[in-house]
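Asks: Before I ask anything, let me first share the structure, which is written out below as structure tokens.
Just so you know, all these numbers are worked out from the coordinates, no wet-lab data involved. Please read all numbers here as calculations on a predicted model, not as lab measurements. Please note: Cβ atoms are built from the backbone with ideal geometry, for glycine as well, and neighbour counts cover all protein chains shown.
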Amino acid sequence: MTATPEPRIRNSFNKDWKFFLGDEPNAKSQAYNDLKWRKLTLPHDWSIEEKFDEKNPAKPEGGGLPTGIGWYRKEFIAPANFKDRLITVEFDGVYKNSEVWVNGEYLGKRPYGYSSFSYEISKFLKSGKNIIAVKVDNSAQPDSRWYSGSGIYRNVWLTSTAKVSISQHGLFVESGFVSGDFGESTDGGTLKPGQKVGYIEPHVSFINKSSDKTKKYKIEFSIINREGKQVLKHLLEEDIIEDNTGKGVSSLLISQPEIWSVERPYLYTLVAKIIDSENKIIDEQSTTFGIRRFNFDAIKGFSLNGKPMKILGVCLHHDLGALGAAVNVRAIERQLEIMKKMGVNAIRTAHNPPAPEFLDLCDKMGFLVMDEAFDMWAKKKNKNDYHLNFPEWHKADLEDMVKRDRNHPSIILWSIGNEIREQFDSTGIAITKELVKIVKNLDNTRPVISALTETKAEKNFIYQAKALDIYGLNYNHKLYQDFPKNYPGVKFLATETTSALETRGFYDTADTIRRWPKDGKTKFTAGNKEWSASAYDNVSAYWGSTHEETWKEAKKYDHVSGLFVWTGFDYLGEPLPYPWPARSSYFGIVDLAGFPKDSYYMYQSEWTNKPVLHILPHWNWEKGKSVEVWAYYNNADEVELYLNGKSLGKKSKQGDDLHVLWNVNFEPGILKAVSRKNGKEVLVREVKTAGAPAKIELIADRKNIKADGKDLSFITVRILDATGNVVPNADNLVDFKVEGNGFIAGVDNGFQASLEPFKANYRKAFHGLCLTILQSTEKTGTIKLRATSNGLSPSSITINTAKQIKRKQ
Ligand code: GAL
């Protein structure tokens with residue numbers, strides 16, 4: 001078989017764009033002069049580059065950064081043979097209301113900022129130079145309930161295919177397996193224990209824009225394993241290909257397949273080819289997929305590949321902290337690494353379709369995903385939000401999400417919406433039915449869910465539609481226990497929980513639990529002095545709970561399939577309940593800079609098997625103050641606490657306790673905790689009273705990164721005393737200088753009420769820490785970072801950048 005030169009070409013279309021912040025209607029025309037515009041590489045979020053201001057129309061709830069209108073233009077050379085090909089420009093996501101022109105010709109509009117969309121542009125192209133112009137309009141505010149970002153904030157691609165080709169997202173693979181372990185059989189007979197047979201059902205849909213529709217083509221499917229070896233090939237007989245049609249195969253079988261799981265996320269690749277009668281490959285398209293099966297049960301909860309397992313999830317918004325909404329694969333990967341280490345096995349993409357790269361990473365790293373479409377339907381949450389577009393666009397947006405995402409083994413749930421207003425009135429019934437149908441028409445292999453808050457079944461019209469597969473409940477952890485009694489036979493998932501408030505490194509009296517705000521009526525004023533909420537896990541919104549309160553309930557009952565804690569990371573916007581200058585959320589288990597708060601270790605002690613011992617708070621207090629010392633631990637029977645060598649007693653968790661505590665009269669020195677199992681030491685942790693700030697320490701998450709202009713090294717900056725202890729209240733201003741083949745992509749310190757810019761070469765430390773993010777250029781070599789601060793010994797670190805970096809699989 002001979003291949004025509006590259007049947008399908010898909011190239012990044014991110015480079016050499018021009019950008020103008022403001023409205024410039026003439027910029028759509030080819031002749032427009034954009035010489036003075038700024039040159040940049042996508043993905044780009046202009047909001048994150050700007051200054052915080054309470055008066056910005058997106059309000060603090062939207063992150064307190066400017067929004068507005070922006071224009072992008074790019075000159076490009078049309079692919080040589082474009083007249084005989086289909087040339088498509090693909091946008092993974094533009095926030096929002098994008099309009100696109102090629103050579104002054106209007107291609108269309110896409111209101112929803114989280115949808116991926118594309119335009120076929122061949123007929124507008126000319127030989128040589130062409131101009132694409134994109135208007136982005138995020139000016140109508142208030143819009144989002146969280147920070148959205150503004151601009152072409154996801155990747156853009158240019159694809160060239162033959163006129164007969166596989167359509168965009170036209171390759172769909174359903175798969176699963178049967179096993180003797182479950183007493184199952186195939187046509188060949190009963191399977192023995194340990195014996196498995198994987199089945200794969202590939203479907204492919206086509207475009208045929210060629211003038212000759214009578215030509216016949218063969219379709220070849222092949223399956224490649226992780227090691228690159230072809231394990232299966234299947235050929236469909238020669239046939240004509242009609243435009244907008246599809247073909248599929250039911251059940252290609254693989255014996256003893258490798259199974260995708262969160263512990264071992266094994267991916268296969270399906271390749272589909274269109275081959276003409278001269279044996280030339282006309283198009284070739286591939287997708288990774290995983291062989292796995294899962295089940296939700298009303299009594300037993302969730303199981304993956306037949307193994308019972310609780311969904312231990314977090315909700316995540318799409319922003320990447322100091323980098324804003326601009327997609328960066330390494331920044332997403334880092335977030336997921338931090339979550340994985342905590343024991344998280346599932347992510348809910350609150351409340352919108354994520355970047356495609358996010359799902360690729362979840363597939364590879366072993367996360368389950370609840371892929372969510374909307375935060376509102378036809379009824380608004382904010383004046384200018386998506387409710388304005390829902391009537392006209394919901395079908396396309398939902399279809400495009402399912403078509404784009406349905407090959408990801410990580411995805412186990414489609415969510416048609418979060419806390420949708422229509423649950424409260426009868427209009428909810430018809431819309432629910434319609435949306436569920438849209439999803440099921442495209443993918444019948446996953447359950448459809450919606451995150452509900454109306455807890456009375458008879459008053460919840462989304463539930464009344466009787467179209468959802470699983471009851472998704474937000475908050476209300478006290479209702480978990482009786483759910484099976486109140487909803488017999490109904491499958492149950494805690495789609496959103498907790499909403500505890502915490503600021504990393506800030507500890508306020510531990511002994512009482514606070515609800516901030518107290519209720520829906522009382523104005524919130526407590527805690528405004530520090531714009532900080534205690535990290536003792538003793539503050540939550542009134543509709544939520546502390547981390548421990550909800551987890552205790554969720555872990556108790558098998559019928560609770562799992563939970564998605566609000567949220568894994570702090571996110572920009574929704575600083576609730578704090579007023580300005582707070583501008584990012586307090587709900588994260590990890591702060592905006594990626595530094596864990598203490599609750600992280602509570603989850604880690606519960607959600608992982610690796611030994612954990614974590615003590616809080618820091619050990620810098622006024623002499624004589626009574627301080628509550630907490631320890632989270634696992635894999636041990638007891639923890640003994642020592643102050644300056646003197647035992648303060650052993651403690652063990654009792655009943656459903658998730659931590660142990662001691663009341664300690666502060667004296668400076670060393671607080672030491674030792675966990676023991678059967679009298680044998682498991683772990684030792686120490687906190688020391690720190691002296692005055694004396695020096696800076698720089699710690700890179702990775703010292704070798706790719707010289708690809710995208711890769712990142714996250715540098716933690718620690719303020720230490722003379723003997724090397726982190727100074728817990730240090731807020732020194734740190735200046736950064738970078739030399740070599742890289743630049744600072746962003747700085748942060750995790751403080752929710754800091755108004756310092758994210759794009760800067762300085763940052764104040766917050767509770768002893770700050771962060772600087774170094775980004776490579778395309779030149780190999782080194783990036784040297786030097787950090788200085790008045791009165792402190794400076795520090796430097798060197799990061800190597802190379803074309804290829806070896807990483808552990
Ligand atoms: C939920 C909502 C989330 C977030 C959270 C804050 O009700 O679904 O988007 O607003 O409250 O507690």
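Asks: Just the C-alpha atoms of the chain: what Rg/Rh do they give, with Rh taken as the Kirkwood radius?
Replies: Expressed as Rg/Rh, it is 0.97.
Asks: Please go through the residue pairs Lys341/Lys552; Lys552/Lys764; Lys39/Lys779; Lys521/Lys759 and name each one whose alpha carbons sit more than 26 Å apart in this structure.
Replies: The pairs that break the limit, which is 26 Å between Cα atoms, are Lys552/Lys764; Lys521/Lys759.
Asks: Nearest 10 degrees, 0 to 90: what angle lies between the long axis of helix 356-365 and the longest principal axis of the chain (Cα atoms)?
Replies: 70
Asks: Let me ask you something else. Kirkwood Rh, Cα Rg: Rg to Rh for region 439-521?
Replies: So for region 439-521, dividing Rg by the Kirkwood Rh gives 1.10.
Asks: If you fit an axis through the alpha-carbon atoms of helix 329-342 and take the longest principal axis of the Cα set of the chain, what angle between them do you get, 0 to 90°, nearest 10?
Replies: Compared with the principal axis, the helix lies near 50 degrees.
Asks: Between the helical axis of 390-405 and the dominant principal axis of the chain, each derived from Cα atoms, what acute angle in degrees is found, rounded to the nearest 10?
Replies: 90
Asks: How big is the antiparallel share of DSSP beta bridges in the chain, given as a percent to the nearest 5?
Replies: 80
Asks: Find the Rg to Rh ratio for region 724-809, where Rh is the Kirkwood radius over alpha-carbon pairs and Rg uses the same atoms.
Replies: Result: Rg/Rh = 1.02.
Asks: Pick out, in residue order, every one of the trypsin sites (Lys or Arg not before Pro) in region 545-654 that is DSSP loop and has at most 16 other C-beta atoms within 10 Å; say none if there are none.
Replies: Loop-located and lightly packed - Lys623, Lys625.
Asks: Between region 38-100 and region 383-420, what's the alpha-carbon centroid distance in Å?
Replies: 21
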